[in-house]
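Structure first, commentary second.
All of the numbers you see were taken from the coordinates with simple rules; none came from a lab. This structure is a prediction, so every number in the text was calculated from the model and none was measured. All Cβ positions, glycine included, derive from the backbone under ideal geometry; neighbour counts span all protein chains shown.
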Amino acid sequence: MVALESAELFCLLQPEELTSLRRVASEQSFTVGQEVFREGDPGDGAYVVKEGLVEISGQVNQDKRQVFSQIGPGGVFGEMAVIEQLPRSACATAALPSTVYFLPRAEVLSLIERSPALASALLQLISRRLREFNQHYLLEVVQVERLAAVGRFARSIVHDLKNPLNIISLTTDMFCKADASPELRASAQGRIQRQVGRINDLITDILQFSQGNQSCARVPVSYATFLEALIAELQPELDLKSVHLNFAGAAPATILSLDVKRLRRVFINLVLNATDAMPSSGTITLRFSQDAREVVTEIADTGSGIAPEMQEKLFQPFATHGKGHGTGLGLSICKKIVEDHGGRIWARNDPAGGAVFAFSLPLPAK
Ligand code: ADP
């Protein structure tokens, strides 16, 4: 049980201020579950818990009520509506058998005007409550955002799995035709194997992303040969999406030190992003340049271009925009792989339209 003068808000008051407070205070008792006030009630006074426990809650949706705080003996509640002169915005319910002091609004306001100590204590109380509420709200937002990211992630995986599965399904039909020639069967088998490889890569990607750092297993490879195999692998999907792949100049046959499996992922992510940006057909142009230090590869598309809201956070994990199935992981994975090779990755919009993604790979030290 707490006397009114020992309540958190009033312990700094002068004796005469306490006397006038005691004079206007009345006591009210509530059984468990009984409402002290509910949303929309007039803000006709503030309350101090003498004994028991009062829960402050709000309606989150039609059938869910959320408890914001619990006020024990000595705690104050209902002060906001008094100051704002607005109806109650939350509901106060006795969580235990409780007795509260009720302080009518007019008296509380006139006491605040007369007592700087009370005004300052009240300000501190409200500021502390806001801070607690913000903290609570922030944690909820982070939680909701995490769940949404997991949902986007799952949708994207399903989407990324569907493409190779579709190709496998179409190719199997071709393979099973009674009149399929041995050459056709061999080509279908190769196509299926490549798509299974892609699914495998995707799963590896997800595992690698969730595991963080990994080593880079690099071997000397001709860049042109590496690209040739990769384009053959991507071609069926580009055909399916009516995307034309164009080489502006030959790929350099320079020997680079590459982790072939991981660098394939960079290409596949960039090319598939470009096709996503061109839903009803378009052209991807590959451009290459080389100087004494590095080979630069550019992948230009004729799509929508990079959205302004993505410019600053393009390579950050979970940054995605304009895609129902986006996880925002693709470019962050590309950045990590390119940097593990000692290169850089960047992007820009072409003034003539579309996006240009570029990355550099260093030449091996002589
Ligand atoms: P996701 O594709 O899952 O969204 P990414 O990290 O691969 O994740 O891409 C992040 C975002 O960058 C995309 O959602 C898209 O808004 C933008 N983006 C990537 N590539 C292109 C492109 N070629 N043209 C336009 N926007 C692009």
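Could you work out which residue, out of Thr320, Thr254, Thr275, moves most in a Gaussian network model of the chain, that is, has the largest mean-square fluctuation with Cα springs under 10 Å?
Thr254
Could you give the spread of the C-alpha atoms of region 1-87 along their three principal axes, from largest to smallest, in whole angstroms?
Ordered largest first, region 1-87 gives principal extents of 47, 28, 19 Å.
Residue-wise, which Karplus ³J(HN,Hα) couplings in Hz belong to region 50-60, taking 6.51 cos²θ - 1.76 cosθ + 1.60, θ = phi - 60°, and x for glycine or proline?
Coupling constants for region 50-60: 8, 8, x, 8, 10, 9, 9, 9, x, 7, 7 Hz.
Over the chain, with a Gaussian network built from C-alpha contacts below 10 Å, which listed residue (Asn134, Asn273, Asn349) shows the highest mean-square fluctuation?
Maximum fluctuation in the GNM of the chain, among the listed residues, is at Asn134.
Could you please state, rounded to a whole Å, how far the C-alpha centre of region 100-133 is from the C-alpha centre of region 16-69?
A separation of 14 Å, based on Cα centres.
How would region 83-158 be classified by its alpha-carbon gyration tensor: rounded, prolate or oblate, with rounded meaning a/c under 1.5 and the a/b versus b/c comparison settling the rest?
Taking the square roots of the gyration eigenvalues as a ≥ b ≥ c, region 83-158 is prolate.
Could you work out the helix-only [θ] at 222 nm for the chain, with each DSSP H run of four or more residues adding -39,500 (n - 2.57) and the total divided by the number of residues, to the nearest 500 deg cm²/dmol?
One gets -15500 deg cm²/dmol as the mean residue ellipticity at 222 nm.
Could you tell me what a quarter of the Cα convex hull surface of region 17-68 works out to, in nm² with one decimal place?
4.9 nm²
Relative to a virtual label point 7 Å from the Cα of Val196 in the Cα→beta-carbon direction, which members of region 152-169 show backbone nitrogen distances below 16 Å?
Taking a point 7 Å out along Cα→Cβ of Val196, the residues of region 152-169 whose backbone N falls under 16 Å are 164-169.
Determine ³J(HN,Hα), in whole Hz, for all residues of region 173-188 in sequence, where each value follows from phi through the Karplus function 6.51 cos²θ - 1.76 cosθ + 1.60 and θ = phi - 60°; x replaces Gly and Pro.
Listing the rounded values in order: 4, 4, 4, 7, 4, 4, 9, 5, 6, x, 5, 5, 4, 5, 5, 5 Hz.
What percent of all Cα-Cα pairs in the chain falls into each 10 Å bin, going from 0 up to the bin containing the maximum distance?
Bins of 10 Å from zero give 4, 18, 20, 12, 8, 11, 12, 10, 4, 1, 0 percent of pairs.
Give the residue from Val295, Ile268, Gln135 lying farthest towards the positive end of the charge dipole for the chain; charges sit on Cβ (+1 for Lys and Arg, -1 for Asp and Glu) and the dipole is referred to the Cα centre.
Val295
Which residues does the label zone of Glu140 cover in region 28-51, counting backbone N under 19 Å from a point 7 Å along Cα→Cβ?
38-40
Which semi-axes, in whole Å and largest first, does the equivalent ellipsoid of region 254-366 have when worked out from the alpha carbon gyration tensor as the square roots of 5 times its eigenvalues?
The answer is 24, 16, 12 Å, longest axis first.
In whole percent, what relative contact order does the chain give with Cα contacts below 8 Å and a gap of six or more residues?
12 percent
What are the lysines whose alpha-carbon lies under 30 Å from the alpha-carbon of Lys162, with same-chain residues fewer than 8 places away excluded?
Lys177, Lys241, Lys261, Lys313, Lys323, Lys335, Lys336
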